[in-house]
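A short worksheet on the structure shown next.
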Amino acid sequence: MKFGFDIDDTLIQLRQHAFHLYNQKLNKQIDLEHFHGLKTLEIHEPFGLTAKEGGQLWNSLAEEIYFTECPPFPHAVEVLNSLVKAGHEIYYITARDKQYGDRTKEWLIKNGFPVDEEKFYCGMKDEEKIKIIQDLKLDYYFDDKPAVLETLLELPLKVFAIDNSYNKHVKTSRLTSWSDLEELIK
């Protein structure tokens, strides 16, 4: 079987990591309860930032957000390694800026994710991401972003939303814990 995975907020807890960094950099103590209640991908609102200010802060912290201590979701590394061991193909398809591609691969490998150079796609817009997913003829695809998930629902593959407060409205199968994956794909 061919499995495709987004990275940020699908395999790793990027937004929550960034939320902690925002607290630290802005000298705030906004509780994670506010993070878990967000209805958007953007995390700036609880900090009283405008969308422009939030974007500027994210961009100024991008290196730290992407390449420091951002934790994988529990069991994600083990499950993907188990899939590879069972003979399945793993593809990473991320919209992260292309400039971060090599470092992202290195970070994934350093954190125990199974990475095949030929099955790593980075630096595209959502429309291009959809095209890559179609061209690869994946059997399963996992993502968190509503716009991507909604577009994929029309394709002949099994789509899973990584359950988040901002994608509850998307009508598709949900993954709430990576430890549940093997049961869901049976």
Within the range 164-177, considering residues that are under 14 Å from A76 (Cβ atoms) and touching an Asp or Glu at 6+ places or on another chain (Cβ under 8 Å), the one surrounded by the fewest Cβ atoms within 10 Å (Cβ to Cβ): T176
Residue check for E33: more than 15 Å from the chain's Cα centre (by Cα), part of a helix (DSSP H, G or I), without any contact (Cβ under 8 Å) to a residue 12 or more places away in the chain and more than 28 Å from Y121 (Cα to Cα): yes
Verdict on L149 being hydrophobic (A, V, I, L, M, F, W, C) and either touching an Asp or Glu at 6+ places or on another chain (Cβ under 9 Å) or under 22 Å from D97 (Cα atoms) (or both): yes
Condition met for F67 (closer than 22 Å to L149 by Cβ and not hydroxyl-bearing (S, T, Y)): no
Unique residue being more than 20 Å from F142 (Cα to Cα) and assigned by TED's automatic domain parsing to the domain that holds S179 when the list is K110, K85: K110
Strands (runs of 3 or more DSSP E) (entirely within the range 123-186) containing at least 1 residues that are under 22 Å from K105 (Cα atoms) and not acidic (D, E): 140-143, 158-162
Selected residue [among the small types (G, A, S), at pLDDT below 95, under 17 Å from T10 (Cβ atoms) and buried (at least 16 other Cβ atoms within 10 Å of the Cβ)] from A161, A147, A76, A95: A95
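The values are calculated or read from the model by the stated rules, or taken from the named source; none is laboratory data. Just so we're clear, the structure is a prediction, and the values are computed from it rather than from any experiment. Backbone-built Cβ (ideal geometry, glycine too); neighbour counts: all protein chains shown.
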